[in-house]
Amino acid sequence: MKNTYLISIVVLLFAMFSTSFNVINAESAPGVSASNAVVLNMDTNEVIYEKEANESREIASITKIMTAIVAIEQNDLDEKVLISSNAAKKEGSSIYTKAGDIYSLEDLVYGLMLRSGNDAATAIAEHVAGSEKGFAFLMNEKASWIGMQNSSFQNPHGLDEEEHFSTAYDMALLTSYAMKNDEFKKIFGTKKYLSKNIDYYWFNKNKLLMSNDYCTGGKTGFTKSAGRTLVTTAEHEGKRIVVVTLNASNDWNDHRVLYDYAFKQIDEESEGFSEEMLNFPLFIESYFDVLNRMHGVKEWSI
């Protein structure tokens, strides 16, 4: 008898609160060009939007988000780094270092994130861990600690390599984690930077940072195998999100569309919750209604 009564109370309370906190039905999720995409609320790590977000695939230069946060956490950015021949000759995008050059680690991280320098990535890895493979070990240790369950890193730059992959969701988790670091956050959102080694500015390749009021940072990527990859962060009225797209032919537009969608979703959830919570007479009415039902259940169960 008592168990029946208690179970009935739980059912009735669940029904009441499910109704009271029902969120306003949002607009249909937008279509995007990306094969894989996700939007994460950085304050809660709640998924706001996803499209095949847990499918593992090549990620190209957004790999460098992991390279940057590992370097920042492991070493002092004032340290001097000797550029090796291996680093200077690294294929792909470059900040045009030469063997024997000496850069600060800070300069290399800026070159890594703003200009996507593969030479910078290699030099960072060799300085921090002695080799690219040694650094990849640190990257995978960090991935495991963060909870990136479907990721594997084999190099610091993102050039195609067997067993080097991640997912849209894992990269969003990584970025959300990295943005808690003030130094990373500053670099991620920097529009231009002047190294002491050169006499011209490095401009950020993330054009949304230059053209979109919401965007607060980002990292681009591309290889033939991975396609276009992009991670950006955005903020609106104190609400912060991270957007990841993989293999997206129209990634800039994808991110703009997902900013609008995500912030609208967050606003509607907040408004729906506030309206229900502030409707005190309705809450009291629901409360006494449940009490009456409980009384009836109690009499019936006896």
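The values are calculated or read from the model by the stated rules, or taken from the named source; none is laboratory data. If you're wondering where the values come from, they're calculated on a predicted model, not measured in any experiment. For neighbour counting, all protein chains shown are included, and Cβ atoms are generated from backbone atoms with ideal geometry for every residue, glycine included. Just so you know, the surface numbers come from the protein's heavy atoms only, side chains and all, with ligands and any DNA or RNA stripped out. Shrake-Rupley method; radii C 1.70, N 1.55, O 1.52, S 1.80 Å.
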Inset, instruction - Please determine, by comparing only the residues of segment 47-92 that are under 22 Å from K192 (Cβ atoms) and out of contact with any strand residue (DSSP E or B) (no Cβ under 9 Å at 6 or more places or on another chain), which one is most open to solvent (accessible area, probe 1.4 Å). - result: I72
Inset, instruction - Run A29 past the list (1) among the small types (G, A, S); (2) touching a strand residue (DSSP E or B) at 6+ places or on another chain (Cβ under 8 Å); (3) modelled with pLDDT under 95; (4) open to solvent by less than 50 Å² (accessible area, probe 1.4 Å) and report the number of the one that doesn't hold. - result: (4)
Inset, instruction - Determine if segment 188-198 includes at least one residue that is open to solvent by less than 10 Å² (accessible area, probe 1.4 Å), modelled with pLDDT of 95 or more, of a type in the set (A, V, I, L, M, F, W, C) and in contact with a helix residue (DSSP H, G or I) (Cβ under 6 Å, 6 or more places away or on another chain). - result: no
Legend entry - Selection from segment 119-135 of residues that are surrounded by 24 or more Cβ atoms within 10 Å (Cβ to Cβ), free of Cβ contacts under 8 Å to residues at least 60 places away in the same chain and not charged (D, E, K, R): A120, A121, T122, A123, I124, A125
Legend entry - Criterion violated by S176 - all others in (1) without any contact (Cβ under 8 Å) to a residue 24 or more places away in the chain; (2) within 17 Å of V70 (Cβ to Cβ) satisfied: (1)
Legend entry - segment 155-171 residues that are open to solvent by 10 Å² or more (accessible area, probe 1.4 Å), paired with ones that are of a type in the set (V, I, T) and not in a helix (DSSP H, G or I) (beta carbon under 7 Å, 6 or more apart): L159/T223; D160/T223; F165/I59; Y169/V38
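Say we look at segment 236-260 and pick out the residues that are part of a helix (DSSP H, G or I) and open to solvent by 10 Å² or more (accessible area, probe 1.4 Å); which of these is nearest to K51 (Cα to Cα)?
Residues of segment 236-260 that are part of a helix (DSSP H, G or I), as a first pass: 251-260.
With the extra rule that they be open to solvent by 10 Å² or more (accessible area, probe 1.4 Å), the set shrinks to 252-253, 256-257, 260.
Working: W252: 17, N253: 16, R256: 16, V257: 14, D260: 17 Å.
Out of the qualifying residues, it is V257.
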Legend entry - K239 vs. criteria modelled with pLDDT of 95 or more, touching a helix residue (DSSP H, G or I) at 6+ places or on another chain (Cβ under 7 Å) and over 19 Å from L173 (Cβ atoms): no
Legend entry - Condition met for Y169 (modelled with pLDDT of 95 or more and closer than 27 Å to N86 by Cβ): no
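Residues to consider are S152, S176; find the one that is at pLDDT 95 or above, in contact with a strand residue (DSSP E or B) (Cβ under 6 Å, 6 or more places away or on another chain), buried (at least 20 other Cβ atoms within 10 Å of the Cβ) and over 26 Å from Y96 (Cα atoms). Even if it seems obvious, please write down each step before you answer.
Numbers: S152 fails: buried (at least 20 other Cβ atoms within 10 Å of the Cβ).
After applying the criteria, what remains is S176.
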Inset, instruction - State the number of residues belonging to segment 151-181 that are of a type in the set (A, V, I, L, M) and assigned to a loop (DSSP other than H, G, I, E, B). - result: 2
Inset, instruction - Could you grab me the full set of residues in segment 182-208 that are closer than 24 Å to S225 by Cβ and part of a loop (DSSP other than H, G, I, E, B)? - result: K205, N206
